[in-house]
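Have a look at the structure below, then the notes.
Here, each number is a calculation from the coordinates, and none is a lab measurement. What you are looking at is a predicted structure, and each value in this text was computed from that prediction instead of being measured. Positions of Cβ are generated from backbone atoms using ideal geometry, with glycine treated the same way; all protein chains shown enter the neighbour counts.
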Amino acid sequence: MAVMASGRGTNLEALLEAFSPQNPWGEVVLVLSDNPEAYALKRASRRGVEAVAIPWRGRKAFEREALDLLRARGVDLVLLAGFMRLLSPGFVEPWYGRLLNIHPSLLPDYPGLHVHRRVLEAGERETGSTVHFVDQGMDTGPIVLQGRVPVLPGDTPETLERRVLFLEHRLYPRAVRLVLSGMAFPPGEGLKALLGEAWPRFQGLSPREKPLYLRAAVLLSVWGLGGLVPAAFMGQGGEWA
């Protein structure tokens, strides 16, 4: 695995702890940053993980060098952890399904920047974090896993950020394990055939519900009950269970 980070690297620290060398799930072998001053690079170096700064000279140059390093190190999963640049379609497409990001809101609500301030201004009673596959949009890819925390009276953007960040340190490793175990994946063409007449109903699910139903389909297939997937998705009387 490789992690791309631009700043402090607290989520990186959680990933390095969860996926240390000799971990049967896999290990982080490379940390990349567009910011030579990022503290994330020091966190990686302290743990003996290769840390490379690629000073920003434009997206094309950065991505070319990053892709070369990912190939050279045999990386098969890339984790964005506070990486503050948008990646081009030329980077995302070949890595789709193997490129994850964590965002500090309950997507699809509050994509983009200044999330905690916007959550407070809207009077929300809860917020959270989302791990999702990266696609060509901003925070729009299929959801892998979400976690929730309350918004408390008297919260400021700073206190809310700390609460969400504590959640993220547990959430991101769990999401990575789901992907590595094959229990989380972007919907593909094979799924449409598997669901049959239930496909339109699946399409009508919210982005938060879809990953739960996808994991149910995987489990049924693993248990040799793939033929039950369409019926399970339809529920009793043609309605969702």
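Once you list every other residue whose beta carbon is under 13 Å from the beta carbon of MET183, what net charge do they have if Lys and Arg are +1 and Asp and Glu are -1? Intermediate values should be presented prior to the final figure.
Numbers: positive: ARG174, ARG177, ARG215; negative: none.
That sum, taken over residues with Cβ under 13 Å, equals +3.
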A correct Karplus calculation of ³J(HN,Hα) over the stretch 18-28, with 6.51 cos²θ - 1.76 cosθ + 1.60, θ = phi - 60°, whole Hz and x for Gly and Pro, returns 6, 10, 7, x, 6, 5, x, 6, x, 9, 7
The answer for GLY97, listing residues at least 5 apart or on another chain whose modeled amide H is closer than 5 Å to its amide H, is VAL134
Here, the stretch 1-160 modelled as identical Cα point scatterers in vacuum has Debye log10 I(q)/I(0) at q = 0.10, 0.13 Å⁻¹ of -0.38, -0.64
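From the alpha carbon gyration tensor of the stretch 1-92, can you work out the equivalent ellipsoid semi-axes (sqrt of 5 times each eigenvalue) and give them in Å, largest to smallest? Each step should come with its number before you reach the end.
On the way: eigenvalues 81, 45, 23 Å².
Equivalent ellipsoid semi-axes, largest first: 20, 15, 11 Å.
Using the Cα atoms of the stretch 146-221 to build a convex hull, what is its mean projected area in square nanometres?
Details: hull surface 26.2 nm².
Across all orientations, the stretch 146-221 yields a mean hull projection of 6.5 nm².
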The ³J(HN,Hα) series, computed from each phi in the stretch 64-77 with the Karplus coefficients 6.51, -1.76 and 1.60 at θ = phi - 60°, rounded to the nearest Hz and given as x for glycine or proline, is 4, 5, 5, 4, 4, 5, 4, 5, 5, 8, x, 6, 10, 8
With the convex hull built on the alpha-carbon atoms of the stretch 65-209, volume per residue in Å³ sits at 126
So GLU17 and ARG57, fully extended at 0.36 nm per residue minus their Cα-Cα distance, gain in nm 11.3 nm
Computed over the chain: longest principal axis from alpha-carbon atoms vs helix 157-180 long axis, angle to nearest 10 degrees, is 70
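Work out the FRET efficiency for TRP199 and GLU65 from their Cβ-Cβ distance, taking R0 = 41 Å, and round it to the nearest 0.05. Don't skip to the end; give the middle numbers.
Working: r = 41 Å, r/R0 = 1.00.
Plugging the Cβ-Cβ distance into 1/(1 + (r/R0)^6) gives 0.50.
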Pseudo-spin-label distance THR140 to ARG208, built 7 Å along Cα→Cβ, given in nm, is 2.1
Filtered hits (aspartates and glutamates, Cα-Cα < 14 Å from LYS60, offset >= 8 within chain) -> ASP34, ASP68
The size of the Cβ-based charge dipole (Lys, Arg +1; Asp, Glu -1) of the chain about the Cα centre, to the nearest 20 debye, is 360
